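Please read the structure below before turning to the comments.
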Amino acid sequence: MTTTQPKPLRKSKGLMHHINRVGWLFILPAVALILVLCFYPMIEAFILSLQKGKGNNLSWNGLNNYTRLFKDKVYLQAVQNTFFYLIIQVPIMLGIALLLASMLNDKTLRFKGIFRTLIFLPCATSLVSCSIIFKQLFSPSGLVNTLLLTWGWISEPYPFLTEATSARIIIIVTMLWRWTGYNMIFYLAGLQNIDYQVYEAARIDGASAVQQFTKITVPLLKPIILMTTVLSTNGTLQLFDEVRNMTNGGPNNATTTISTYIYKLSFEQVPQFGYASALAYTIFIMVAILALIQMKVGDKQ
Amino acid sequence: MSQIRIRRGKLRPARVAKYAFLVLASFLSAFPFYWMLVSATNSNQAIMEMRMFPGANLIENWKTLTAGYALGTAFLNSLRNATVTTVCALFISSLAGYGFVVYRDKYKNLVMSLLMLSMMVPAAATLIPMFRMFSRMGLNNSLLGVMLPSVATAFLIFMFRQGTQSFPDAIIQAARIDGLGELRIFLQMYMPIMKPTYAAAATVTFMNAWNAYLWPLVILQSPDQITMPMLISNTMNVYVVDYGMVMLAVSICTIPTLVLFFALQRSFVEGILGSVK
């Protein structure tokens, strides 16, 4: 808290009281919008998740939608895929971002500005654009296949996006490309708050680059690492744009995520809003649980 | 100084490795952009043959694109949606961010913490109730419908709240003594002084709105409301994809944000970091 209310004079106590009430009018529009467009829908999603039926023809169904989830092979596959993306992509991305940031946080480094701009550049694209660019790069007649064929590493085009494991990996590669520079910026900002002399002193004491990284950089950036982990987890659990535009969940649901499945259930088939809401609620629960775990772990260290 | 020189001499291989890694990372980050722009000027055939240089097919791609897709409509819709969203979001969120700091009391602090919780609510989880609510209110296929969910976000409010904390309280006191109303203090004193915060918030909000996909896809189903991300997604929904034309569409969708990015890089970074400081 850097701003402090001036001590009101005895006479103006009533005035300050009045002014603070005016303050509610300033925050009212935003608070009302967030209540109506965020908290209320969460309640309605829960109520919907207890109903069944197609379109707007809904009737009470108890917790049956939730038990149905455990028997739904597509849902289980979607959860498995989502966690596959999460467990592989988030640590690699944050690791590379941290490494890049600590490399760029070097006073003697040349072309620092150019490196930073180029690595940060992918943030300017929409997720749909980068999905399409990467879909071209890895399509059967795309750049990567043509290169590999020309070099003689493969004898026929490899179906990167229509083979289950490679399709998942390409989606991860696309996310890495889009988001690594974004996270790097957070770390760079955090590093700027660490006194450079700490590193100079460590060097004089004979600490290696690796030791400086693990003993100084990582511990001091812990709060920011925690924040980026929570944000990335939240984002990956909702993964939609890339999957829809690169594989549309295929082959055979191998890349489907919870979000693309919700979209299919609600807007591509006869809408099953009740069941889709139960699915949506599970994302919310996962986000909440993972954030809690991450904060607990972050606190302990 | 001698310290640095000794270190440089000692760690030469490590330094080379560091530069190599940074060059590789920069190349991998920038190359897909180059490929996108170059491909937009080449024919599908040339792209399959890995042509890495600008070609002469740009006009041909433009003709195919504009003949098959409502490019002008999509571009103008995206521009309209992103601009109006940004203006409204900045006004409402800065009003709240200012309100939370200048009229601070314990109840408002409580409300702010409650708002921060909304950052934990995934958009995917509220998609269906929002869609049903907006349909009931007749907001489908409308500007209001597409922008409303992005107008008040905890992120923006937080960003303005952080920015306002460095705003000198003396200015407000002086203005009050001069008899300026509370709203006019906000409009005439606060807004002009806080330009840098507004620029940062505008850059991030505009880019997010321009690039938004899932919510517009759900709420804007009428063809005359199509946006750029929806259009480029549509160009891929054919049996034989003409990548020259597709890459031109992708370039047209990306160039505005790319230009904005280069012009306002500092604001953009500050905008993203608004929540950390």
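Between region B:21-90 and region B:179-243, how far is it from one alpha carbon centroid to the other, in angstrom?
Using only Cα atoms to place each centre, the spacing works out to 19 Å.
Order the peptides A:209-218, B:22-31 from the highest to the lowest mean number of other Cβ atoms within 10 Å of their residues.
Result, highest mean Cβ count within 10 Å first: B:22-31, A:209-218.
Which whole-Hz couplings ³J(HN,Hα) result when phi for each residue of region B:218-232 is put into the Karplus expression 6.51 cos²θ - 1.76 cosθ + 1.60, θ = phi - 60°, listed in order with x for Gly and Pro?
Per residue, the Karplus-derived 3J(HN,Hα) values read 7, 8, 10, 9, 7, x, 6, 9, 4, 10, 4, x, 5, 5, 5 Hz.
In deg cm²/dmol, rounded to 500, what helix-only [θ] at 222 nm does chain B give when every DSSP H run of at least 4 residues adds -39500 (n - 2.57) and the total is split over its residues?
That calculation yields -23000 deg cm²/dmol at 222 nm.
For a quick protection proxy, order the peptides B:113-125, A:179-191 by their average other-Cβ count within 10 Å, most packed first.
A:179-191, B:113-125
Classify the protein assembly as shown as rounded, prolate or oblate from the Cα gyration tensor: take a ≥ b ≥ c as the square roots of its eigenvalues, call it rounded if a/c is under 1.5, otherwise prolate when a/b beats b/c and oblate if not.
oblate
Let me confirm one metric for peptide B:29-37, namely the mean number of other chain beta-carbon atoms within 10 Å of its residues' beta-carbons.
So the per-residue partner count for this stretch is 6.
Classify region A:243-301 from the C-alpha gyration tensor, please: rounded if a/c falls under 1.5, else prolate or oblate depending on whether a/b exceeds b/c.
In terms of gyration-tensor shape, oblate.
For the peptides B:202-214, A:65-77, what is the packing order when you average, over each peptide's residues, the other Cβ atoms within 10 Å and list the highest mean first?
Top to bottom by mean Cβ count within 10 Å: B:202-214, A:65-77.
Taking H as built 1.01 Å from N, whose amide H comes closer than 5 Å to the amide H of B:Q221, not counting residues under 5 places away?
Close amide H contacts, sequence-distant or interchain: B:N141.
Cα centroid distance between region A:173-212 and region A:99-162, in Å?
Region A:173-212 and region A:99-162 have Cα centres spaced 23 Å from each other.
Under a GNM of chain B (C-alpha, springs under 10 Å), which listed residue has the highest mean-square fluctuation: B:L90, B:L144, B:L231?
Looking only at B:L90, B:L144, B:L231, the largest GNM fluctuation is found for B:L144.
What ranking of A:R110, A:R203 comes out by heavy-atom accessible area, probe 1.4 Å, highest first?
Solvent-accessible surface, decreasing: A:R110, A:R203.
Once ligands and nucleic acids are excluded and a 1.4 Å probe is used, how much of B:F262 is accessible, expressed in Å² to the nearest 10?
Taking all protein chains as shown, B:F262 has close to 110 Å².
Out of A:F111, A:F84, A:F284, any idea which swings most in a Gaussian network model of chain A, alpha carbons joined below 10 Å?
Highest fluctuation of the listed residues: A:F111.
Count, for each residue of A:173-185, the Cβ atoms from other chains sitting within 10 Å of its Cβ, then give me the mean as a whole number.
Per-residue shielding by partner chains comes out at 2.
Gap in Å between the Cα centre of region B:141-167 and the Cα centre of region B:95-129?
Taking the Cα centre of region B:141-167 as reference, the centre of region B:95-129 is 10 Å away.
First measure r as the distance between the Cβ atoms of B:L143 and B:R51, then evaluate 1/(1 + (r/R0)^6) with R0 = 60 Å and state the FRET efficiency to the nearest 0.05.
0.90
Considering only Cα-Cα distances, which of the following residue pairs are longer than 24 Å: A:K222/A:K296; A:K264/A:K296; A:K107/B:K195; A:K222/B:K195; A:K135/A:K264; A:K73/A:K264?
As for pairs spanning more than 24 Å Cα to Cα, those are A:K264/A:K296; A:K107/B:K195; A:K222/B:K195.
Place +1 on the Cβ of every Lys and Arg and -1 on the Cβ of every Asp and Glu in chain B, take the dipole about the Cα centre, and give the residue among B:M116, B:L214, B:F167 whose Cα lies farthest towards its positive end.
The listed residue farthest towards the positive side: B:F167.
Provide a whole-number value for the mean count of partner chain Cβ atoms within 10 Å of the Cβ atoms in peptide A:203-212.
Partner Cβ neighbours, averaged per residue: 1.
At a 1.4 Å probe radius, which order do A:V270, A:V230 fall into by accessible area, largest first?
Per-residue accessible area, sorted high to low, gives A:V270, A:V230.
Quick check: from the Cα gyration tensor, does chain A come out rounded (a/c under 1.5), prolate or oblate?
oblate
Using the Cα centre of region B:63-273 as the reference point, and only Cβ charges (+1 on K/R, -1 on D/E), how large is the resulting charge dipole? Debye, rounded to the nearest 20.
About 260 debye.
Tell me, what HN-Hα J-couplings in whole Hz come from the Karplus equation 6.51 cos²θ - 1.76 cosθ + 1.60 at θ = phi - 60° for each residue of region A:185-202, using x for Gly and Pro?
Each residue's phi maps through the Karplus curve to give 4, 4, 5, 4, 5, x, 5, 4, 7, 8, 4, 4, 5, 4, 5, 4, 4, 4 Hz.
The values are calculated or read from the model by the stated rules, or taken from the named source; none is laboratory data. All of these numbers come straight from a predicted model, not from anything done at the bench. In this analysis, Cβ positions are derived from the backbone assuming ideal geometry, glycine residues included, and neighbour counts consider all displayed protein chains. Heavy atoms of the whole protein, side chains included, go into the accessibility calculation; ligands, DNA and RNA do not. Shrake-Rupley method; radii C 1.70, N 1.55, O 1.52, S 1.80 Å.
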